[in-house]
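The values are calculated or read from the model by the stated rules, or taken from the named source; none is laboratory data. The structure displayed is predicted, hence computed values, not measured ones. All Cβ positions, even for glycine, are placed from backbone atoms using ideal geometry, and neighbour counts span all protein chains on display.
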Amino acid sequence: MLEVDHLVRRFGEITAVDAISFAVGDGQMTGFVGGNGAGKTTTMRMIMGVLSIHGGGVQWRGRPITAADRRGFGYMPEERGLYPKQPIMDQLIYLGRLQGLSASGARQRAKTLLERFNLGDRHKDKLESLSLGNQQRVQIAAAVISDPQMLVLDEPFSGLDPAAVDEMADVLREFTDRGVPVLFSSHQLDLVDRLCDQLVVLSAGRVVARGTAAELRRRGPVRHRLITAGDAGWVRGLPGIEVIDVDGGTALLELSEPADTDRILTEALRRGGVRELTEVVPTLADTYREVTR
Amino acid sequence: MSTVQTRPAQSRSSADDTSSAHHAWRTVTEREISVKLKDRTFLITTVVTLAIIIGAVAFQTVMAAHAGKKTVATSGPGTQIVRLADTLAHQGGRDGVSLKSRVLSSTSAVRSAVQSGKVDAGLVPAGDGWRLIGKDSKDDVISTWLGVAVQQATMQKNAVAAGTSLPALQKGTALPYDLIDPRATSTGLAKGVGYAFGFLFYLASLLFGLAIANSVIEEKQNRIVEILASAISLRQLLIGKVLGNSLLAIAQLVIFAAAALIALLATGNSSALAGISGGISWFIVFYLVGFITLACVWAVAGALATRSEDLQATSTPISVVIIAVFIAGISVSGTAQVVLSYLPLFSTIAMPIRVVAGTATWWEPLVSLVLALAAGYGIIRVADAMYRRSLMQTGRKLSYRDALRTAE
């Protein structure tokens, strides 16, 4: 488990990361969400030891993280890139060796990964000669070359076509299935919704929301949509119920307690019939807009 | 689709971790060398420089040999004079000089042979003595040695006529010239060796330096430095980078020096070598210290930039220093040279030149080397800190002052 504990980073007068805390459990896929400048990249760089920490700390398996721990992490930086003019096989071996693999172990591992990404016959090609999608595949191969204990990926899905997104998601799931914690940042909320066990939402350097996608959706007041046979204007007279909108036979309501649904149903039946009464679950995007406002 | 394999049997142990942390610089060094050896530009410049060195030595030798080979036309009797001149030149230790005669039927035939350029000069009888005929300029080799030969032959004849002999006439005329403290190497050769090594140092520290700076920028610009920094310390990265390039530079220098030496040997200049071999060893030692010191500063020049376009600006100070070291190193003399030969970086060229020229006593290069090492250590310490501070600052181009002040 990786724990981020009141992490602080300042750039001059600006506090880019302001006492951020969250944890990524073993086998847990955690999505890091937030707008530009929210502090996602800065936090990830501090976790990886690439940027010095101005306050707080990072714990790995219950104790302060060390350089040796980080060497066992797979990392994909924000504006990713490997050596453009070096053959992809060579640079995967190089990175594997820097992360502690033997030369032959790194070669074997690089070969397996390139074959997996259907790049086996292109291992001698320079990175810059590959398509952008294939460059991304090499980049993820670089992140997982040394069989990492933890994955920290900054925007791993940006710029990928749908097939490549699925491929990347499969790779990440294989790691979480084996108990490896995965932390990745993304702007694509639908993807985060689909993949993540946990979301951490950042805004202006602070954690503004944290939890599963379902929990986040229910953070806001639960709303209901009522569709009646006749005009629904009568809902305005009900005590304890806030009316958001009425349009003919359709009303959007905010209830103060769940039991209020019974009261509304009874009243609606008395007034001429009910077509529909449903809970309106906000989209993740709605919640995101709500919490980062 | 297959799955990503786990490697339970060969997963990292903590022992592996420590050893790889210690030896990460070796992996970086290996990569720097292997990338460079696959770089076509590097290979081509090396081969071309090698060809130029061998060609220059060969050309000089051929020119020198050709300059001493003379053909003199005679109308018959002059042949003996030419042969005598040739013998005297050889006795005088001028192995490069060779005088041959070509016998023609008449004086006018000799004239026309000289006119047409088929021979270098003509020797014809004139009154009691001889006359040399040249085309448009006087040839020093011919006038010197034929002059001596004519003088000797005529004196011999006159001595016999006067009832004495040539040795009797020449008795006591020889003037030996002894040197109390002979200089091993001629000033010209010392200068030439100094220029050559100075230029090689200038070229290598500029070309390798730019390559180091560019490779730092490449890593910074492509953010691969973040992956590297999460795996190994930036100091290990710097050590590997500087060491890889320094090893290549020194290997290149040794190859160049060896080529020059072999070419000199092959062309029969072995006597010149004895005097400069000690100086060449000092050149290599100073070259290594100077190169490594500058290489670290080049790495800083790369780390300060955010794009390769910035390098022009960040590398100017170091380029100026290198040019100054080169120009001052080969041009100064006297007291200024002695001072420079102790000044770190400047001593890289100035001190070995003094050793080759024989103007430095044995302890002087040692003291200068200690000074260069001390200054190099200081410069490298500061450069290491500046490199690590600026490498992760990707926002904008930094100045040297920023890098000194910025916190990590």
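Here are some notes:
- Residues in segment B:384-400 that are among the small types (Gly, Ala, Ser) and not in a helix (DSSP H, G or I): B:GLY395, B:SER399.
- Output for segment B:105-146, where each listed residue is within 23 Å of B:ALA89 (Cα to Cα) and assigned to a helix (DSSP H, G or I): B:VAL114, B:ASP140, B:VAL141, B:ILE142, B:SER143, B:THR144, B:TRP145, B:LEU146
- Among the residues of segment A:53-86, those that are among the hydroxyl-bearing types (Ser, Thr, Tyr) and under 20 Å from B:ASN222 (Cα atoms) comprise A:TYR75, A:TYR83.
- In this structure, A:ASN118 does not satisfy being surrounded by 18 or more Cβ atoms within 10 Å (Cβ to Cβ) and more than 27 Å from A:MET46 (Cβ to Cβ).
- Residue within segment A:163-176 that is more than 12 Å from every other protein chain (Cβ to nearest Cβ) and without any contact (Cβ under 8 Å) to a residue 24 or more places away in the chain present: no
- Residue match in segment B:264-281 (condition: closer than 15 Å to B:GLY194 by Cα and modelled with pLDDT of 90 or more): no
- Qualifying positions in segment A:264-290 - assigned to a helix (DSSP H, G or I) and at pLDDT 85 or above: A:ILE264, A:LEU265, A:THR266, A:GLU267, A:ALA268, A:LEU269, A:ARG270
- Matching residues, segment B:56-91, being modelled with pLDDT under 75 and in contact with a helix residue (DSSP H, G or I) (Cβ under 7 Å, 6 or more places away or on another chain): B:GLY68
- Any hit, segment A:231-249, residues being of a type in the set (A, V, I, L, M) and without any contact (Cβ under 8 Å) to a residue 12 or more places away in the chain: yes
- Filter pass, B:ASP139 being farther than 26 Å from B:GLN170 by Cβ and acidic (Asp, Glu): yes
- When B:VAL382 is tested against (1) at pLDDT below 90; (2) under 30 Å from B:LEU228 (Cα atoms), just one condition goes unmet, and that condition is (1).
- The set of residues from segment A:1-11 being surrounded by fewer than 17 Cβ atoms within 10 Å (Cβ to Cβ), farther than 19 Å from A:PHE184 by Cα and of a type in the set (D, E, K, R) comprises just one member, A:ARG10.
- Candidates B:THR316, B:THR361, B:THR348: the one that is over 24 Å from B:LEU200 (Cα atoms) and either in the same structural domain as B:PHE291 (by TED's automatic domain parsing) or small (Gly, Ala, Ser) (or both) is B:THR361.
- Any chance A:ASP147 is within 8 Å of chain B (Cβ to nearest Cβ) and within 22 Å of B:SER230 (Cβ to Cβ): yes
- For segment A:253-265, residues that are of a type outside the set (Asp, Glu) and either exposed (fewer than 11 other Cβ atoms within 10 Å of the Cβ) or touching a Leu at 6+ places or on another chain (Cβ under 7 Å) (or both) total 6.
- One residue stands out in segment A:5-23 among those that are among the aliphatic types (A, V, I, L, M) and within 13 Å of another protein chain (Cβ to nearest Cβ): the one that is farthest from the chain's Cα centre (by Cα), namely A:ILE14.
- The single residue among A:ILE14, A:ILE20 that is in the same structural domain as A:VAL208 (by TED's automatic domain parsing) and surrounded by 14 or more Cβ atoms within 10 Å (Cβ to Cβ) turns out to be A:ILE20.
- Scanning segment B:276-298 finds no residues that are buried (at least 24 other Cβ atoms within 10 Å of the Cβ), over 14 Å from the mean Cα position of the chain (by Cα) and within 14 Å of chain A (Cβ to nearest Cβ).
- Applying the criterion of at least 1 residues that are out of contact with any Leu (no Cβ under 9 Å at 6 or more places or on another chain) and of a type in the set (Lys, Arg) to the helices (runs of 4 or more DSSP H) found wholly in segment B:265-380 leaves B:347-357.
- Qualifying residues in segment B:332-349 (those that are modelled with pLDDT of 90 or more and small (Gly, Ala, Ser)) - the one nearest to the chain's Cα centre (by Cα): B:SER347
- Exclusive hit being touching a residue at least 40 places away in the same chain (Cβ under 8 Å) and of a type outside the set (Gly, Ala, Ser), set A:THR283, A:THR261: A:THR283
- Whichever residue in segment A:213-252 is at pLDDT 80 or above and basic (Lys, Arg) and, among such residues, is nearest to A:THR283 (Cα to Cα): A:ARG223
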